[in-house]
1. Restricting attention to segment 247-260, which residues are open to solvent by 50 Å² or more (accessible area, probe 1.4 Å), closer than 17 Å to residue 157 by Cβ and in contact with a strand residue (DSSP E or B) (Cβ under 6 Å, 6 or more places away or on another chain)?
2. Among 113, 189, 166, 184, which is over 29 Å from residue 246 (Cβ atoms), at pLDDT 90 or above and not aliphatic (A, V, I, L, M)?
3. Applying the selection to segment 268-292, what residues are part of a helix (DSSP H, G or I), open to solvent by less than 80 Å² (accessible area, probe 1.4 Å) and under 30 Å from residue 237 (Cα atoms)?
4. If residue 187 satisfies all but one of (1) free of Cβ contacts under 8 Å to residues at least 12 places away in the same chain; (2) farther than 16 Å from residue 258 by Cα; (3) not polar (S, T, N, Q), what's the number of the condition it fails?
5. Taking the stated definitions as given, is residue 265 hydrophobic (A, V, I, L, M, F, W, C), within 29 Å of residue 133 (Cα to Cα), modelled with pLDDT of 90 or more and buried (at least 20 other Cβ atoms within 10 Å of the Cβ)?
6. Are there any pairs, at least 6 apart or on different chains, whose C-beta atoms fall under 6 Å, with the first in segment 61-72 and touching a residue at least 12 places away in the same chain (Cβ under 8 Å) and the second open to solvent by 40 Å² or more (accessible area, probe 1.4 Å) and in a helix (DSSP H, G or I), and if so, which?
7. What number goes with the only condition from (1) under 28 Å from residue 284 (Cβ atoms); (2) free of Cβ contacts under 8 Å to residues at least 24 places away in the same chain that residue 246 does not pass?
8. Name every residue in segment 200-221 that is in contact with a strand residue (DSSP E or B) (Cβ under 8 Å, 6 or more places away or on another chain), in a loop (DSSP other than H, G, I, E, B) and closer than 21 Å to residue 242 by Cα, in order of residue number.
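The values are calculated or read from the model by the stated rules, or taken from the named source; none is laboratory data. Since we're looking at a predicted model, the values are computed, not measured. Note that we place each Cβ from the backbone using ideal geometry, even for glycine, and neighbour counts take in every protein chain shown. Accessible surface areas use protein heavy atoms only, side chains included; no ligands, DNA or RNA. Shrake-Rupley method; radii C 1.70, N 1.55, O 1.52, S 1.80 Å.
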Amino acid sequence: MDNWDEIRTAFQVARMGTVSGAADVLGVHHATVIRHIDALEKRLGVKLFQRHARGYTATEAGQDLLRVAQATDDQFSQLAGRIKGLGDEVSGELVVTSLISLAPRMVPLLAQFQTRYPDVIVRYLTGDRLFRLEYGEAHIAIRAGSVPDQPDNVVQGFHQQQVGLFATKTYLKANGTPKVLADFKGHRFVGHDNDNSRAPFNRWLRAHIPAASLTFRSTETQALEEAVKSGAGIGFLPLIEARKNPELVEVFERQEEWFAPLWLVTHVDLHRTTKVQAFLTFLKEETKDWAV
């Protein structure tokens, strides 16, 4: 087939919704994008897009093409991810993903690994969504909670994410220090804004603290941690981070149900590659005494 460039162009127009957006992604002139779309529509004998002032909207035929192109793009991404992990040298991109709360501990380790292997380009991705190892979005994922069950993944136990309830000395001086659950009445709490957060400690907070007492909420872990450190209320912090701050006081006895196991996850196609094995070996060695 001799029109792959045209299909790729149409795919990007459908994704971006504008000719200029597709041109930027593809690195071509907008006139090239228009020429490709016109040629493809002529070849197929059907309109793929409705043109309007705000851009391009895919027709039913365009949506059909988009689905096929998306599947092809995913397969190429998967292939690219596998190829990147091949070879006997520890070089090229190393893509690692984890919760943002682990960043203070992971970043120094990644920098240390890069010092040992200077030909490695580190890409460290954080966020709530699960990056798809099967599509080459990451080489190694550090995930929390229940055992990851995605097919074709290699899963290894790593550590345990330990948290505690903390508040500043200033907050406690003004509001008192709770000792039992009944003492929480009247206190302000810092918590996640998503009722469906998977973190065990967030679920516990929602179950035991009235919604009206969650007076500072955010979807960003870092923002929640900063809110507690700023005296906005009582909230969960990783033990390793809280212990560095002399202004913070642990206000409640830790519960096992707050803690979440951490898992090292790799895709079966990349697990045995030199680069991935080098990093896994390094990570396990350097975190033997990790108190997460």
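1. Hits for segment 247-260: nothing passes.
2. Values: 189 fails: over 29 Å from residue 246 (Cβ atoms); 166 fails: over 29 Å from residue 246 (Cβ atoms); 184 fails: over 29 Å from residue 246 (Cβ atoms).
None of the other options fit; the residue is 113.
3. So the first thing to find is which residues in segment 268-292 are part of a helix (DSSP H, G or I), and the list is 274-286.
From the residues that got through so far, the ones that are open to solvent by less than 80 Å² (accessible area, probe 1.4 Å) too are 274-280, 282-283, 286.
Once the filter is applied, which keeps residues that are part of a helix (DSSP H, G or I), open to solvent by less than 80 Å² (accessible area, probe 1.4 Å) and under 30 Å from residue 237 (Cα atoms), segment 268-292 yields 279, 280, 282, 283, 286.
4. (1)
5. On the way: hydrophobic (A, V, I, L, M, F, W, C): yes; within 29 Å of residue 133 (Cα to Cα): yes; modelled with pLDDT of 90 or more: yes; buried (at least 20 other Cβ atoms within 10 Å of the Cβ): yes.
Answer is yes for this residue.
6. Once the first residue is touching a residue at least 12 places away in the same chain (Cβ under 8 Å) and sits in segment 61-72, no partner that is open to solvent by 40 Å² or more (accessible area, probe 1.4 Å) and in a helix (DSSP H, G or I) comes close enough.
7. (1)
8. Correct list: 219 only.
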